[in-house]
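For reference, the structure discussed in these notes is given below.
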Amino acid sequence: MNTPLAQAVDAALATVIDPELRRPITELGMVESVHIAEGGRVRLVVLLTIAGCPLRGTITADSESALLAVPGVSAVDVELKVMSQEQRDALKEKLRGPGGQRSIPFNEPGALTKVFAVASGKGGVGKSSVTVNLACAMAAQGLRVGIIDADVYGFSVPALMGLNQAPTRVDDMILPPVAYGVKVISIGMFVKSNQPVAWRGPMLHRALEQFLTDVYFGDLDALFLDLPPGTGDIAISVAQLLPKAEILVVTTPQTAAADVAERAGALATQTGQSVAGVVENMSYLEMPDGGRMELFGSGGGAVLSERLSATVGTTVPLLGQIPLDILLREGGDAGVPIVLGRPETPAAKALAGIAGQLGARPRGLSGRSLGLQPR
Ligand code: ADP
């Protein structure tokens, strides 16, 4: 059938995006059939990747509203079926490439994703809050963004993003849930709530490797990894698994904190990674009279940027200073990052400014070899 109505119906279906794969359902082989009956009643059969797909309701509702917006369509009936194994294999091949090859897509020679490993010397400096806000700000700026919450002991990214949905599994492929346009995967999605994760180095390495190979992120502009604080096993695994990752160091203005943060950044010299920059968080508190109270001292970010520049041998910029703001903490508690919920605040503006700098960097800068030679 190639009537103008049938064409309009096809065009409308091409605007329905699978909520997890972020591609039109028509491209993903999810539309099994479309029939337009007398009077403009459309009967649509959609193939879900797996039975009990948690987002079936969204797909149904989005298809209905797209079709009902077409002039001449009077009613819509959506039937949901499930893909056969062959159809799923075809889908996986389409997403992952020939043979459904499992490798780390971010390491492919032509890969353009900028990978930022967010590190800190110690916990509580706002590393996760910074990660989440930078990712959301970049997504709001129109970039395709993902986060891997690799902070195994203190995973907090899902809560900061208001996510409580589990990832969907399609055979050996894991589809990350999406919040505010950002694809998020976290260790926290794989363990029972409030259970401690008592994993040792090799298990952490394997978990991160699995996130990188099995989770389907698609083509991303930027991937953030929220690392555990310090210079532990995971930081070394990141260097091995994602040699092109650039390190982003979060610190407070306290000069003593800069000392510990320096170790996290200096690890890059041993692993051959580059350091994208320093983010100073909790820089000051704005007082009602407009003055600034420097609760945690001052200068830590600048000192760290200077010292890291000297250690790694390239300029490590201080990308920004984020003030203390109760609204930042409240936004985190409510699962609405401040850059989205209260973009007019100085803290949100500072974060958006840093995201703008990272997003604007040429993609080829990463993976620069430091030219280190054995002594
Ligand atoms: P980390 O990941 O380094 O452990 P978090 O991002 O979990 O740190 O932040 C620790 C606590 O500090 C959280 O309650 C968070 O809301 C709060 N916080 C972080 N940055 C700020 C800020 N600039 N202003 C106010 N509260 C902040």
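Quick notes on this one:
- Relative contact order, whole percent, for the range 107-360 stands at 25, derived from Cα pairs under 8 Å and 6 or more residues apart.
- Check: the range 4-96 dipole with +1 on Lys, Arg Cβ and -1 on Asp, Glu Cβ, in debye: 200 debye
- Rounded to the nearest 10 Å², the accessible area of residue 192 at probe 1.4 Å: 150 Å²
- Per-residue SASA entry for residue 50, accessible area with 1.4 Å probe, Å² rounded to 10: 40 Å²
- Relative contact order of the range 1-107, taken over Cα pairs closer than 8 Å and 6 or more residues apart, is 25 percent.
- Beta bridges from DSSP with both residues in the range 20-96: antiparallel share about 45 percent, rounded to the nearest 5.
- Long-range amide H partners of residue 81 with built H, under 5 Å: 46, 47, 48
- Given R0 = 51 Å, the distance between the Cβ atoms of residue 90 and residue 326 translates into a calculated FRET efficiency of 0.50.
- Highest to lowest packing among 136-143, 337-344, scored as the average C-beta count within 10 Å: 136-143, 337-344
- To the nearest 10, the accessible area of residue 18 is 10 Å² with a 1.4 Å probe.
- As a rough guide to protection, the peptides 112-123, 153-164 ranked by mean Cβ packing within 10 Å, highest first, stand as 112-123, 153-164.
- Net lengthening on full extension, residue 45/residue 293 (0.36 nm per residue, minus Cα-Cα): 83.2 nm
The values are calculated or read from the model by the stated rules, or taken from the named source; none is laboratory data. A quick note: this is a predicted structure, and the numbers were derived from the prediction, not measured. Note that each Cβ is placed from the backbone with ideal geometry, even for glycine, and that neighbours are counted across all protein chains shown. When the accessible area is computed, the model is the full protein with side chains, heavy atoms only, and any ligands, DNA or RNA have been set aside. Shrake-Rupley method; radii C 1.70, N 1.55, O 1.52, S 1.80 Å.
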